Amino acid sequence: MKEFGFVRVGAIVPKLSLANPLKNALEIVEQVTKAYKKGVAIVTTPELSLTGYTCGDLFLQDALLNEAEEALEKLVEETKELNIITILGMPIRHDNQLFNCAVVIEKGKILGIVPKTALPNYSEFYEKRWFSSSKDLKTYEIELLGQTVPISPNLLFQDTEKPEFTFGIEICEDLWTVTPPSDHHALAGATMIFNLSSSNEVVGKQEYRKNLVMMESAKTISAYIYCSSGMMESSSDLLFGGASMIYENGSFLAENKRFQLESNLITADVDVFKLASDRRKNKSYMNKTGDLEYKMIKVDVSDSIKELQREYREYPFVPTGEEERKKRCREILEIQSSALARRLLQLGNSKCVIGISGGLDSTLAFLVIVRAYEKLGRDPKDIIGITMPGFGTTGRTYKNAKALVKEYGATLKEISIKKAASFHMKEIGLDENDRSVTYENIQARERTQILMDVANMEHGIVIGTGDLSEIALGWCTYNGDHMSMYAVNNSIPKTLVRYLVKWVADTNSGTRKKILDDILDTPISPELLPPDEAGNILQKTESSIGPYVLHDFFLYHFLRYGTAPQKIYFLACHTFQNSFRKEEIKKWLQVFIKRFYTQQFKRNCMPDGVKVGSVSLSPRGDFRMPSDANYQNVLAELEKIKVKD
């Protein structure tokens, strides 16, 4: 899994024996061993987990500090055969001072010590009574257990094999400051931040704490692993709930259940390469790098994951959860319709001309026009919906196209393309029984010509219906349905189109809902080839180019994170293991790569259209690529994959 950028991290909240370091060390060893057996490569414990955070003035007693060092020695010895990096919270004596520290241990060696910088000394906290800040360090090496160890807040730990696997550490209050150390750690290269914390529970604090971790993770484009002290701390004045959580670039990965009496462990598989890709893409990220000097300590992050633990969504463009989906659909349609309304204001009283096929894409585009007209307070009669029956048009789509336009009060025109297409075929010498791409494209271009001509007659503009998935695959006729005067769907992938139309259907009732539901139930087809003998759609798009659910998955990871095709294949096999065979996934991924590369010439002359989501292929905004880029080497790498279903 390391080759694809995955590392399994963990957070242990051990059952504490307050002021009993040796017993705590043995408990931590047991939990670290469990983490190791679960494939965890890096694991952290809470702040001062070897002694307990609430020891008070016992921190001023040599007895406790001596026992803590003896317990550390025991822990180092007991874990030296485990291929896991452990981050341990404990007090450290140095430079005639006491520091609240994170100690990093790997296979019997103490790699580095990171002292806490921000010491809370307000409300319920009194840390300055016992500890000094990292700012008070005088020297930056310490002799501990016979080892010479660096001690500094500016330590980063980097894998010897893959430099993207770099982590930094901050302790509790450090996160709550205006400029947390993790900001600097991330800018210096840390893709993972571990926080050893002792955060007590008061009403409302948990949500604030989660938001803080989530936002720091998003701001630094990092994985943030937070681990706080548990219930067996002293409850004289406070209660500690043992909150631990893991976020990746603002996205939730794992969280424990608070208020547990026994030890508990959470784990998550972090995609480090994805984080690194996002940072490279974000050109504002390194605008201010700061002037801190870091010491980079080399570590060997184990490649311990046998089976990927995290899940990926089959529909990455579609929000999860019914309420979130409704909210997002409403916002998307608002963006689309507002963008169109702005263009119509610019053009004056231009009408909108749209080809209505009875399929999903043209239905969504039509609904967007309707909403734009509502926003502008314009009569829907100025929307001209044209149905253009051809050789592949079925009764079902024809009926739905007409019903849709009439139901919303728009102007319906019916213009058959059969005679014109037949005449053109005869003129160029195409056999009447030919069913090649020429046969199909003649119809598509004839429809576009009709739309453009009617738009000229009506002083209007042609609204494009093609979606993001079709644009990515080049599944459109050049200078046919590929062209329009404004394209409202060009940032909407096929899998999302369906949900948007469904949302509109569910917010309606009666005839409108009935029409939209039937359109939703119609197979996806360009209807350019004749139907079967029963009049049903024979030409089904997904039979030709593959399932859109796969192509949208490929597209999302390919463009959003720059993921290598080999890794996309791996992620798809993991995600669709119950839906598609590996051989199918490989086949359609090869189709995706070939079509994506070879169809760039169509994207280079796309019409204007609004960006809606994080992925867009507009040559003026988000995506620039030569039309003649080589793709054979990419396919060759995919071909090397040995498929074992």
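Every condition in (1) touching a Lys or Arg at 6+ places or on another chain (Cβ under 6 Å); (2) open to solvent by 10 Å² or more (accessible area, probe 1.4 Å) holds for Ser337 except the one numbered (2).
Quick one: is Ala190 in a loop (DSSP other than H, G, I, E, B) and touching a strand residue (DSSP E or B) at 6+ places or on another chain (Cβ under 6 Å)? Taking the combined requirement at face value, the residue satisfies it.
Being part of a helix (DSSP H, G or I) and over 19 Å from Gly355 (Cβ atoms) is the filter here, so list the residues in the stretch 464-503 that pass it.
Step one: list which residues in the stretch 464-503 are part of a helix (DSSP H, G or I), which gives 468-473, 494-503.
Hits for the stretch 464-503 are Ala472, Leu473, Thr495, Leu496, Arg498, Tyr499, Lys502, Trp503.
Checked against the criteria, Thr397 counts as buried (at least 18 other Cβ atoms within 10 Å of the Cβ), touching a residue at least 60 places away in the same chain (Cβ under 8 Å) and of a type in the set (Ser, Thr, Tyr). Going by the conditions given, is Ala63 open to solvent by less than 10 Å² (accessible area, probe 1.4 Å) and part of a helix (DSSP H, G or I)? Answer is no for this residue.
Here Glu30, Glu81 are screened, and the one residue that is out of contact with any helix residue (DSSP H, G or I) (no Cβ under 6 Å at 6 or more places or on another chain), of a type outside the set (Val, Ile, Thr) and part of a loop (DSSP other than H, G, I, E, B) is Glu81.
If you check Thr139, Thr117, which single one turns out to be of a type outside the set (D, E, K, R), exposed (fewer than 12 other Cβ atoms within 10 Å of the Cβ), closer than 16 Å to Cys101 by Cα and touching a residue at least 24 places away in the same chain (Cβ under 8 Å)?
Only one candidate qualifies: Thr139.
Can you pull out the residues in the stretch 308-326 that are surrounded by fewer than 12 Cβ atoms within 10 Å (Cβ to Cβ) and either without any contact (Cβ under 8 Å) to a residue 60 or more places away in the chain or at positive phi (or both)?
Passing the criteria: Thr320, Gly321, Glu322, Glu323, Glu324.
Restricting attention to the stretch 606-642, the residues that are in a loop (DSSP other than H, G, I, E, B), in contact (Cβ under 8 Å) with a residue 12 or more places away in the chain, out of contact with any Phe, Trp or Tyr (no Cβ under 9 Å at 6 or more places or on another chain) and farther than 30 Å from Pro319 by Cβ add up to 1.
Close Cβ contacts (under 7 Å, 6 or more residues apart or on different chains) running from residues in the stretch 578-589 that are assigned to a helix (DSSP H, G or I) to residues that are acidic (Asp, Glu) comprise Lys582/Asp645; Glu583/Asp645.
Among the residues here, Thr44 qualifies as surrounded by 17 or more Cβ atoms within 10 Å (Cβ to Cβ) and in contact with a strand residue (DSSP E or B) (Cβ under 6 Å, 6 or more places away or on another chain).
For the stretch 265-277, the set of residues classified as open to solvent by 20 Å² or more (accessible area, probe 1.4 Å) and over 13 Å from the mean Cα position of the chain (by Cα) consists of Leu265, Thr267, listed by residue number.
The values are calculated or read from the model by the stated rules, or taken from the named source; none is laboratory data. Being a predicted model, the structure only gives us computed values, none of them experimental. All Cβ positions, even for glycine, are placed from backbone atoms using ideal geometry, and neighbour counts span all protein chains on display. Ligands, DNA and RNA are stripped out before the accessible areas are found, and what is left, the full protein with its side chains, is counted by its heavy atoms. Shrake-Rupley method; radii C 1.70, N 1.55, O 1.52, S 1.80 Å.
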